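Before any comments, here is the structure.
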Amino acid sequence: MSVNDDRNGASHAMWGGRFAEGPSAIMREINASIPFDKALWREDIRGSKAHVAMLAAQGIVGEDDARQIDEGLDAIAAEYERDGVPEDWSLEDIHMTVEARLTELIGPVAGKLHTARSRNDQVATDFRLWTLDAMQAAEAGLATLQRALVTRAGEHADTVMPGFTHLQAAQPVTLGHHLLAYYEMFRRDRSRFADARARADECPLGSAALAGTGFAIDRDATAEALGFARPTSNSLDAVSDRDFALDYLMAASQCALHLSRLAEEIIIWASQPFGFVRLPDTLSTGSSIMPQKKNPDAAELVRGHAGRIVGAATALMVTMKGLPLAYSKDMQDDKPPVFEAHGLLQLCLAAMEAMIADCSFNEARMREVAGAGHPTATDLADWLVRTHGVPFREAHHVAGAAVKAADEHGCDLADLPLDALQAIDGRIDESVRDLLTLDASVAARTSYGGAAPERVREQVAVAREALGMEDAR
């Protein structure tokens, strides 16, 4: 049996005549990446079509040969779209899988496709193209979630809820203000993906194995054909760089942390002691034993998936941390963490958007909890500062004494009798009482970025305009 007739031989025929015996079964299994890098088949064929077009334009490959190769690649794309990518571990990866099928379709002329390139620059290009699309998908998913947050924030610009520190009721805010806090987090996340896309927008194709090529190729042409802003400037860096993948994972990790924080709040809010929110049935589950249960499983899984996404970033960092230039086989493990993180992130974004868009808020319960624990004590201190010029530290002490008195009287601070307040500080008069209500406290927070409903509505309008939402008012 000839080398080319042997399935195992198909792989070592591409390595060259030095490997007469071919890889062992163990080597084939540990070396094969086709089970996961088949996800890059569209990018691989796209890159090959751009490469052969450039080779023909430069006179490196004949026009007829280039046409056969291009048509063969189109035929393979149609097959893969229809039937999926076959997994032949002896062919190692998606690049050899495509080339082997191209050889079956058009014969030896298929071998001309690999002129002036290597699998090193080929995979760097394919993976970079895929990751650029993943970054764009993350930005789109974030924008959709932001729109849901801004819509609900507009609905609840006046809905009073407790603001927490240390998970203790601190000062009253509005639900709209709270939701806009996450809008801001996700705005920064979008900027991180956008920045990562800008850095990744360089084409490695033409760097070959590590040193470039002696053929008179046109790297600007292939970069433009593939939609890159420019070719990479250093061939060693181009084939060994995975910063773009790490940039994606870092941005995804930060985004996952924000998603996890929002999920945690939803989980807390949905619990009976809080009762702030009711999740849609479509994103909740029941108990196998307790029929009354409605569990926030989708939110819990978003919280849990954040750990896996951060783990993916850690995995790739550890893989890359000690690699000398240029390419090492360790880098074959670069794709699974990114593929996994991307799938998880897009799922979490979709789940969180649905939860925010479809949940119902218990406004009465939020207001009830917002009033617990004398949350307007700071307003009393501020009144003393504004009205009588009392140093804040002294005013803070007076307000603390008033809180103690309200506890002793078993009433809210706003209901504490005037004589009890004046017994603490004679400068206090009846006019302060109207400032100690929840609504007055929230309305007073008019500083830029504050919780006052008028400020919330202003920020909703700004956000709607930034997101291109209709009626940005």
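Let me know the shape class of the stretch 391-473, please: from the alpha-carbon gyration tensor, a ≥ b ≥ c as square roots of the eigenvalues, rounded when a/c is under 1.5, otherwise prolate if a/b is greater than b/c, or oblate.
prolate
So which GluC sites (Glu not before Pro) in the stretch 85-174 end up in coil per DSSP with only 14 or fewer other C-beta atoms within 10 Å?
Those that pass, being in a loop and sparsely packed, are 87.
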**Prompt:** Once both labels are modelled 7 Å past Cα along the beta-carbon direction, what's the residue 272-residue 365 spacing in nm?
**Reply:** 1.1 nm
**Message:** To make sure I understand the rule: partners must be lysines, Cα under 27 Å from the Cα of residue 335, and not fewer than 8 residues away in the same chain. Which ones qualify?
**Reply:** 38, 49, 321
**Request:** Please work out how much length the chain gains when fully extended from residue 454 to residue 81, using 0.36 nm per residue of separation minus the C-alpha to C-alpha distance, in nm with one decimal.
**Result:** 129.0 nm
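Between residue 115 and residue 461, what length in nm is gained on full extension when 0.36 nm per residue of separation is reduced by their alpha carbon distance?
Working: separation 346, 0.36 × 346 = 124.56 nm, distance 5.55 nm.
Using 0.36 nm per residue and subtracting the Cα-Cα distance, I get 119.0 nm.
Any chance you could run the full-extension gain for residue 133 through residue 191? It's 0.36 nm times the residue separation minus the Cα-Cα distance, nm to one decimal. Walk me through the numbers before you get to the answer.
Details: separation 58, 0.36 × 58 = 20.88 nm, distance 1.53 nm.
Stretched fully, the residue 133-residue 191 segment lengthens by 19.3 nm.
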**For residue 188, solvent-accessible area (1.4 Å; no DNA, RNA or ligand), Å²** = 100 Å²
**Asked** Which ³J(HN,Hα) values in Hz, rounded to whole numbers, follow from the phi angles of the stretch 155-165 under the Karplus curve 6.51 cos²θ - 1.76 cosθ + 1.60, where θ = phi - 60° and Gly and Pro get x?
**Response** 5, 10, 4, 9, 6, 6, 9, x, x, 10, 10
**Complete:** Candidates for Rg and Dmax of the Cα atoms in Å are (i) 30.6, 100; (ii) 31.0, 106; (iii) 22.6, 86, and the calculated one carries label (ii)
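Rounded, prolate or oblate: which fits the stretch 185-249 when a ≥ b ≥ c are the square roots of the eigenvalues of the alpha-carbon gyration tensor, with rounded for a/c under 1.5 and prolate only if a/b beats b/c? Walk me through the intermediate numbers first.
Working: a/c = 4.51, a/b = 2.04, b/c = 2.21.
Cα axes put the stretch 185-249 in the oblate bin.
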**Fill in**
Spelling it out for residue 161: with amide H atoms placed in the peptide plane at 1.01 Å from N, the residues 5 or more places away or on another chain with amide H under 5 Å from its amide H are 173, 174, 175
**Request:** Return one whole number: the accessible area per residue of the chain in Å², for a 1.4 Å probe.
**Result:** 47 Å²
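The values are calculated or read from the model by the stated rules, or taken from the named source; none is laboratory data. Remember, predicted model here, so these are calculated numbers, not experimental data. Neighbour counts are summed over all protein chains in view; Cβ atoms, including those assigned to glycine, are modelled from backbone coordinates with ideal geometry. For accessibility, only protein heavy atoms count, side chains too; no ligands or nucleic acids. Shrake-Rupley method; radii C 1.70, N 1.55, O 1.52, S 1.80 Å.
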